[in-house]
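Written below as structure tokens is the structure these notes are about.
The values are calculated or read from the model by the stated rules, or taken from the named source; none is laboratory data. Quick caveat, the model's predicted, so the values are computed rather than measured. In this analysis, Cβ positions are derived from the backbone assuming ideal geometry, glycine residues included, and neighbour counts consider all displayed protein chains.
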Amino acid sequence: NSEGHLGNIFRPADKADYTLLAQEFRRQLDALGATTGKHYTLSAFLPADPAKISAGIDIPGLFGAFDFATVQGYDYHGAWQAVTNQQSAVKLPAGDPSPANQRFSSEIAINAYVNGGAPKSKLTLGIPF
């Protein structure tokens, strides 16, 4: 599932509802743009974990509405885990000590979106500073 922090409310319908919300924003922004002659940008900050992407992100539906999306490129590991690990690797480090389902890198995250149908031209990567 994609509930995030303990205690968050998550429903199976959230994935479809998020897509419908983005599509409605796009529809209304386009309607406004038709009256003003401007294009209004719609974007979102999206998760990097392939399991959360699969559970909560309708890639074709959302990317049809978004001008672009920023994929989280950091906080792959942290104090919530028992083993110290990289925080924002571009590629998966050799010898990554994490269980297979907790191995993250920017390459893995971006590939999850591209393989799911996101246009590369609409993807940006958030980086730590």
remark   = Across the stretch 10-28, the tally of residues that are over 12 Å from residue 58 (Cβ atoms) and touching a strand residue (DSSP E or B) at 6+ places or on another chain (Cβ under 8 Å) stands at 0
remark   = The residue that is farthest from residue 70 (Cα to Cα), considering only those in the stretch 99-129 that are in contact with an Asp or Glu (Cβ under 8 Å, 6 or more places away or on another chain) and of a type in the set (D, E, K, R), is 103
ask   = Can you list the helices (runs of 4 or more DSSP H) found entirely within the stretch 1-111 that contain at least 2 residues being closer than 20 Å to residue 126 by Cα and without any contact (Cβ under 8 Å) to a residue 60 or more places away in the chain?
value = 50-56, 59-65
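Which of the residues belonging to the stretch 45-71 are of a type in the set (A, V, I, L, M) and surrounded by 17 or more Cβ atoms within 10 Å (Cβ to Cβ)? Spell out how you get there, then give the answer.
Applying the first criterion (of a type in the set (A, V, I, L, M)) to the stretch 45-71 yields 46, 48, 51, 53, 55, 57, 59, 62, 65, 69, 71.
46, 48, 53, 57, 59, 62, 65, 69, 71 - these are the residues of the stretch 45-71 that are of a type in the set (A, V, I, L, M) and surrounded by 17 or more Cβ atoms within 10 Å (Cβ to Cβ).
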task = Select from the stretch 98-126 the residues that are surrounded by fewer than 13 Cβ atoms within 10 Å (Cβ to Cβ) and more than 26 Å from residue 60 (Cβ to Cβ) and list them in ascending order.
result = 99, 100
inquiry  = So for the stretch 77-97 (the condition being buried (at least 18 other Cβ atoms within 10 Å of the Cβ), at pLDDT 90 or above and touching a strand residue (DSSP E or B) at 6+ places or on another chain (Cβ under 7 Å)), does at least one residue qualify?
reply    = no
